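The values are calculated or read from the model by the stated rules, or taken from the named source; none is laboratory data. Computed from a predicted structure; not experimentally measured. When we count neighbours, we look across all protein chains shown, and the Cβ atoms used for this are built from the backbone with ideal geometry, even at glycine. Side chains included, ligands, DNA and RNA excluded: accessible areas come from the protein's heavy atoms. Shrake-Rupley method; radii C 1.70, N 1.55, O 1.52, S 1.80 Å.
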Amino acid sequence: MSCLHFKAAPGRTNSGLRFQDHRGIYHANPGRFLSPPTVEPLGTIQTSFNLNDLPKRTGGWTVPDVSTVSQVVPTLHDLQKEGNYRLFKWDGITPYALLDTDARIFGLLAGEPAAPTPQHPSNDLDSHMDSLDTSDMPGLISDDSDGDDSGLRPWADVVTGFEHALKAVRLIGQASGAFPPVAGPHRRGNYFTLTSGISFGGGQTEPQNLVHTREEQRLIDSLLLNDNVERVAAFQSESLGYIAPRIYEDIAVHIAKLMLAAGSDEKRDQLRSNFSSSVYPAGTFNLGPETVTVLHNDGKNSRYNLCAVTVAGHFDSKRGGHLILYDLKLIVEFPRGSTILLPSALLRHGNTAIQPGEERVSFTQYCAGGLLRWVSHGCVTDVSIKESHPDTWCTKMRAMNVSRGQGFNFFSKFHELARDRKAVFHNLGL
C-alpha cells in the first residue's frame, strides 16, 4: 500500500502577470496564484515511490502505453471496497504538490487563481472573427463588454463561459454531422473529443499541426478564439511554470527552436501553437457529455513533463469525477473549475464514474515526447541521423540517451523550487 502524508499550507497570496513575446509564444510569469519565491503557501502530498522506478523506453522520451485497457469506469464505492485506496478530499482551491521519496515534485493540485484573471493578448482576434462564421455558435466567442475596462474577471465566470463553450461545440458538432449522434468508445473512454496543436509521431517525418475536416477545424477555431478557454489555458501554463520551472523552460526552449526552424523552412512555416499565452504546444478538448476516463496512461506525451487538466460541468465532485492515481493508490476529489497537473505518461490514471444525468467536460494541455526528441536531434528524425551518419550513429544516440536519461532532474525538489524558479525565469527574461 502506498504511504501518503498530507500537509496543508498556511495561506496564499498572488502576484502580477507579465508576458514576453518570443517567436509567437508568450511566457506567462508563473506563480500568479502563489507568491514567489517562497514555497511556504504550498501544501504537500508525500508518496512512498520514486520516479526512477517508473518505466522508460530507449532514450527515455516516451513510455509504453498500458497494454490492457478496460472500458469499465469504476465508481468511488468500487474503489473504496478494495480497501487499499486513500481518498483525498480536496476543495479544488488549496494547492498541493505531489512529492516522491527524493522530495521531487511530480504533480500539482493547482486549484484555481487566487485573484480575478486578466484578459490575455489575442492572436489577432478581430481578423479571425471576421473570417469565422459563428452565427450558429451562440456564446462561443465570449463577450467581455460588461463595462469592466480592467479585463479582470472572477474565475467562476471564466469557468462558466469555458463550460458553455465546450458544451456548445459538442451540440453543434452533433447537429452539423461533424460528430456522430452518440459518442463511441475510444482508448481513454466514451465521450467526444477534439485535439489541436503541434504533433509529432505515428510515422511523421517532421512536426505538423494536427489535420482536421473543415467542420472540425471550424469548431476548434471557435474554441481557440474563446477568451474563457484561453484564460484556462494560460492558468494551466502558469501553474506548470510555478511548480516545474525546469520543465517549463525545457518546453519553452524546444518550442522556440522549433518555431525558429519552421521560420526558415517554407513547408513548416505554418506551424502554430494553440495559444499565445501558453507554453504547451497541443491540447485536447474533452467535450462530454460524460468525460470520465478509463484506466490509461498517455505514453506518447513527454516522459519528463506534466500535462494539465481543468474540469467543468454539472456533477457532484464528492460522488464522482475523482482523479484516480492507480500507482499511488490515491483518489482525489476534482471539483468543477479546478486544475491538476500530473505526469500523464508515467502514471496510470483515470476517473470515477459520475451520476446518471450529470455532465462533465475538461481541457488538457500536453507536449509530445517525440516533438522534443525531434528538436533535440537537430530537427531531424532518428532515421535521418542513422542514414546520414551511419558511422557515428551509435555514439550520437548513446550520448543523447545518456543526457536525456537524466531527465528526472527536470523535476524540482521541494526545497529547491524557489531557487529553480528564480534561475529559470531570469534566464527567460521574466
*Select, from 364, 293, the only residue that is touching a Lys or Arg at 6+ places or on another chain (Cβ under 8 Å), of a type in the set (Ser, Thr, Tyr) and open to solvent by 10 Å² or more (accessible area, probe 1.4 Å).*
293
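Under 24 Å from residue 81 (Cα atoms) and either among the β-branched types (Val, Ile, Thr) or surrounded by fewer than 22 Cβ atoms within 10 Å (Cβ to Cβ) (or both) - does that describe any residue in segment 279-288? Write out each step before concluding.
Taking segment 279-288 first, the residues under 24 Å from residue 81 (Cα atoms) are none.
Among the residues of segment 279-288, not one is under 24 Å from residue 81 (Cα atoms) and either among the β-branched types (Val, Ile, Thr) or surrounded by fewer than 22 Cβ atoms within 10 Å (Cβ to Cβ) (or both), which makes the answer no.
To keep it simple, each residue is scored yes or no on (1) among the hydrophobic types (A, V, I, L, M, F, W, C); (2) in contact with a Leu (Cβ under 6 Å, 6 or more places away or on another chain); (3) open to solvent by 10 Å² or more (accessible area, probe 1.4 Å); (4) under 19 Å from residue 105 (Cβ atoms).
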| position | (1), (2), (3), (4) |
| --- | --- |
| 303 | no, no, no, yes |
| 311 | yes, no, no, no |
| 320 | no, no, no, no |
| 325 | yes, yes, no, yes |
| 328 | yes, no, no, yes |
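From the list 48, 67, which residue is over 25 Å from residue 421 (Cβ atoms), modelled with pLDDT of 85 or more, open to solvent by 50 Å² or more (accessible area, probe 1.4 Å) and assigned to a loop (DSSP other than H, G, I, E, B)?
Working: 67 fails: modelled with pLDDT of 85 or more.
The match here is 48.
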_Every pair of residues 6+ apart whose Cβ atoms lie under 7 Å, when the first sits in segment 155-173 and is free of Cβ contacts under 8 Å to residues at least 60 places away in the same chain while the second is assigned to a helix (DSSP H, G or I)_ = 172/219
*Please enumerate the residues belonging to segment 335-358 that are under 20 Å from residue 108 (Cβ atoms), of a type outside the set (A, V, I, L, M) and not in a strand (DSSP E or B).*
335, 336, 337, 338, 343, 344, 348
*Consider residue 336 carefully, then state whether it is at pLDDT 90 or above and open to solvent by 20 Å² or more (accessible area, probe 1.4 Å).*
yes
*Working only within segment 77-93, note down all residues that are among the aliphatic types (A, V, I, L, M) and modelled with pLDDT under 95.*
79, 93
*Here is a list of conditions, (1) within 30 Å of residue 111 (Cβ to Cβ); (2) at pLDDT below 90; (3) of a type in the set (A, V, I, L, M), and residue 182 meets all of them except one; can you say which number that is?*
(1)
*Applying the selection to segment 344-402, what residues are at positive phi and at pLDDT below 90?*
378, 379
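Would you point out which residue out of 255, 251, 243 is in contact with a Phe, Trp or Tyr (Cβ under 8 Å, 6 or more places away or on another chain) and closer than 27 Å to residue 106 by Cβ?
Details: 255 fails: in contact with a Phe, Trp or Tyr (Cβ under 8 Å, 6 or more places away or on another chain); 243 fails: in contact with a Phe, Trp or Tyr (Cβ under 8 Å, 6 or more places away or on another chain).
After applying the criteria, what remains is 251.
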